[in-house]
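Take a look at the structure set out below.
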Amino acid sequence: MSEFTIRTRKFKQNPLLGRKQFVLDIIHPGMANVSKKDLSEKLRSMYKVHDVQCIQLFGFKTAFGGGRSTGFGLIYENLDKMKKFEPKYRLKR
């Protein structure tokens, strides 16, 4: 497995919904794409999240030619807030 780099843009604290929200830029040369499981593990270590289930990743688009992707990420404070505010279809995924 090749290495990949994560950069966060437009990082915003949202205390009303109990989450951090941001845009992810992933650089993954030599790979077609990066799995959400690998991304959430790396985000867990970056932001010191206690539970991987509190991280929601969605909306990823791979740039033409590969090697670079962008998407959205949400890190909730706890599972209760995530279940309260996340859409049901995203919770099923």
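The values are calculated or read from the model by the stated rules, or taken from the named source; none is laboratory data. Computed from a predicted structure; not experimentally measured. Every residue, glycine as well, gets a Cβ built from its backbone with ideal geometry; the counts of neighbours run over all protein chains shown.
Condition check ((1) touching a Gly at 6+ places or on another chain (Cβ under 7 Å); (2) modelled with pLDDT of 95 or more; (3) of a type in the set (Val, Ile, Thr)) across all residues:
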{"position": "Gln13", "(1), (2), (3)": "no, yes, no"}
{"position": "Leu17", "(1), (2), (3)": "no, no, no"}
{"position": "Phe22", "(1), (2), (3)": "yes, yes, no"}
{"position": "Ala32", "(1), (2), (3)": "yes, no, no"}
{"position": "Lys36", "(1), (2), (3)": "no, no, no"}
{"position": "Ser45", "(1), (2), (3)": "no, no, no"}
{"position": "Gln53", "(1), (2), (3)": "no, no, no"}
{"position": "Arg93", "(1), (2), (3)": "no, no, no"}
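Close contacts from segment 1-29, counting a first residue that is of a type in the set (Ser, Thr, Tyr) and a second that is surrounded by fewer than 11 Cβ atoms within 10 Å (Cβ to Cβ) and in a loop (DSSP other than H, G, I, E, B), with Cβ to Cβ under 9 Å and a gap of 6+ residues or different chains, come to Ser2/Gly30.
Only one entry in Gly18, Gly65 is touching a helix residue (DSSP H, G or I) at 6+ places or on another chain (Cβ under 7 Å) and at positive phi, namely Gly18. If you go through segment 19-48 and keep only what is surrounded by fewer than 16 Cβ atoms within 10 Å (Cβ to Cβ) and among the small types (Gly, Ala, Ser), you end up with Gly30, Ala32, Ser35, Ser45. Just so you know, in segment 52-93 the residues that are among the aromatic types (Phe, Trp, Tyr) and more than 14 Å from the chain's Cα centre (by Cα) include one that is surrounded by the most Cβ atoms within 10 Å (Cβ to Cβ), and it is Phe85. Taking each residue of segment 69-85 that is more than 14 Å from Arg44 (Cβ to Cβ) and looking for partners that are among the hydroxyl-bearing types (Ser, Thr, Tyr) with beta-carbon atoms closer than 6 Å, six or more apart or interchain, yields Ser69/Thr62; Met82/Tyr76.
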